[in-house]
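Q: Below: one structure in structure tokens.
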Amino acid sequence: MKLAIRNVLRQKVRTGMTLAAIIFGVMGLILAGGFVQDIFIQLGEAIIHSQTGHIQVFKKDFLEKGTRSPERFLIDEPEKLAVQLARHEEVESVMSRLYFSGLLNNGKRDLAIIGEGIEPDKEVKLGSFITITAGRQLTNKDRDGILLGDGVAKTLGLKPGDRVTLVMTAAEGAMNTLDFEVIGVFQSFSKDFDSRAVRIPLPSAQELLVTKGANLMVLALHKTEDTSKVVARLTGELQGGPLDLRSWSSLSDFYDKAVQLYDRQFGVLQMIILLMVLLSVANSVNMSVFERQGEFGTMQALGNRSGDLVRLIITESAIIGLAGALLGMLLGVVAALAISAIGIPMPPPPNANLGYTAYIRIVPFNLLTSGLVGFVGTVLASIVPAFKVTRMPVVDALRQNI
């Protein structure tokens, strides 16, 4: 070990070049991994706090068959179920939603829409990623108020203060209508949702559908990290009954596909950086071995075995790899903090309305993995050159000293 450290310090230029390649490789992995992790977190929070909530509880088969006939999948006593679900300490609030479809009339034309009857005051706390572009949020006092998606408002030429008529089919098949005043216009995460969605108070939706039930119980948790734990617990409680549940990640097909895409891209990036480190270190070690042939011949002539030379070269590379990995991790954290302090302006994701500011997340697992890639890549790159030394005849190696 002492000899390996002396050799590393003796070859300052070669060691510096190898260290630079490892450091930049490790930093690249940390920054890329932190950026991807931030995308996952911000995308997930946008979906949770604009549409799905953390967990949704509903009648079985509602997701597969309920979009066309939501009145067939009603939870009869949503208030009682809400009290039961709210007993869990991880749950911040429970809110009911009633889905419907119908026609929205502005006095001149009709537009087919999908709608949600909501508990406005609770939804305001959950919907932190919903932006009100005109007017204000809906409240529990707005019995005849309606919120329009941005696309709906533009299509019908509506603004806050306008009156509209909502026409739909009640649960028993009869036509029902109610007049509403436009309270506000909103933008959520999804452009498709905003182009056909409206929101009205839950009592008004129940009046239109002639029911006291709800289709969904939406759970908002204190921490997103508790989602899996609460889902597992509720699954056991609801097992065998008429109700089913899903977490936010399983409800969003877009999120699932985005995670798969970025995971693959990051995996390819890891392979590229590992290959870059391998080639750089292998080139450096090869040149070092070539220049030190006389030294290695002298060591063999003095009684050192081939295995001693292999261990020496690999130990030197391991020292450089460890130093490069640690420095890369340190500088990667510093760079991540510096970039996050400024932020990275990002355009709206596909099928989304709003852009956002990206950051570099410092994730311990990603940090350790990046350092490990740099260290392992350096050690692997030294193995082949190390064994090449052992094949060189001692006499030929000694001639290099002349």
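Q: Answer yes or no: is there a residue in segment 192-212 that is open to solvent by less than 80 Å² (accessible area, probe 1.4 Å) and under 23 Å from Glu89 (Cβ atoms).
A: Scanning segment 192-212 turns up no residue that is open to solvent by less than 80 Å² (accessible area, probe 1.4 Å) and under 23 Å from Glu89 (Cβ atoms).
Q: Still on this structure, I have one more. Within segment 216-242, count every residue that is farther than 19 Å from His49 by Cα and open to solvent by less than 30 Å² (accessible area, probe 1.4 Å).
A: Final tally of qualifying residues: 3.
Q: Moving to a separate point now. Do we have any residue at all in segment 356-365 that's assigned to a helix (DSSP H, G or I) and at pLDDT 90 or above? Please lay out each step first, then the result.
A: Residues of segment 356-365 that are assigned to a helix (DSSP H, G or I), as a first pass: 364-365.
Imposing the further condition that a residue be at pLDDT 90 or above reduces the set to 364-365.
The answer is yes; a qualifying residue exists.
Q: Checking the conditions here, which among Phe58, Phe100, Phe62 is touching a strand residue (DSSP E or B) at 6+ places or on another chain (Cβ under 8 Å), at pLDDT 90 or above, aromatic (Phe, Trp, Tyr) and buried (at least 21 other Cβ atoms within 10 Å of the Cβ)? Outline the logic, then answer.
A: Details: Phe100 fails: at pLDDT 90 or above; Phe62 fails: at pLDDT 90 or above.
Going through Phe58, Phe100, Phe62 in turn, the sole match is Phe58.
Q: Turning to a different aspect of this structure: It is to be established whether one or more residues within segment 327-336 are more than 30 Å from Val8 (Cβ to Cβ) and modelled with pLDDT of 85 or more.
A: No: zero hits.
Q: Would you call Ser128 surrounded by fewer than 17 Cβ atoms within 10 Å (Cβ to Cβ), farther than 14 Å from Leu202 by Cα and free of Cβ contacts under 8 Å to residues at least 24 places away in the same chain?
A: no
Per-residue answers, yes or no, for (1) within 30 Å of Ile360 (Cβ to Cβ); (2) not hydrophobic (A, V, I, L, M, F, W, C):
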position: Val36; (1), (2): yes, no
position: His54; (1), (2): yes, yes
position: Phe58; (1), (2): no, no
position: Pro70; (1), (2): no, yes
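Q: Another question about this same structure. Out of segment 43-55, which residues are open to solvent by 40 Å² or more (accessible area, probe 1.4 Å) and under 28 Å from Leu368 (Cβ atoms)?
A: Selection gives Glu45 alone.
Q: Another question, then. Where in segment 1-118 are there helices (runs of 4 or more DSSP H), lying wholly inside it, with at least 2 residues that are over 30 Å from Val376 (Cα atoms) and free of Cβ contacts under 8 Å to residues at least 24 places away in the same chain?
A: Ranges flagged: 62-65, 78-85.
The values are calculated or read from the model by the stated rules, or taken from the named source; none is laboratory data. This structure is a prediction, so every number in the text was calculated from the model and none was measured. So basically every Cβ, Gly included, is an ideal-geometry build from the backbone, and we count neighbours across all protein chains shown. Areas reflect the complete protein model, heavy atoms only, side chains present, ligands, DNA and RNA absent. Shrake-Rupley method; radii C 1.70, N 1.55, O 1.52, S 1.80 Å.
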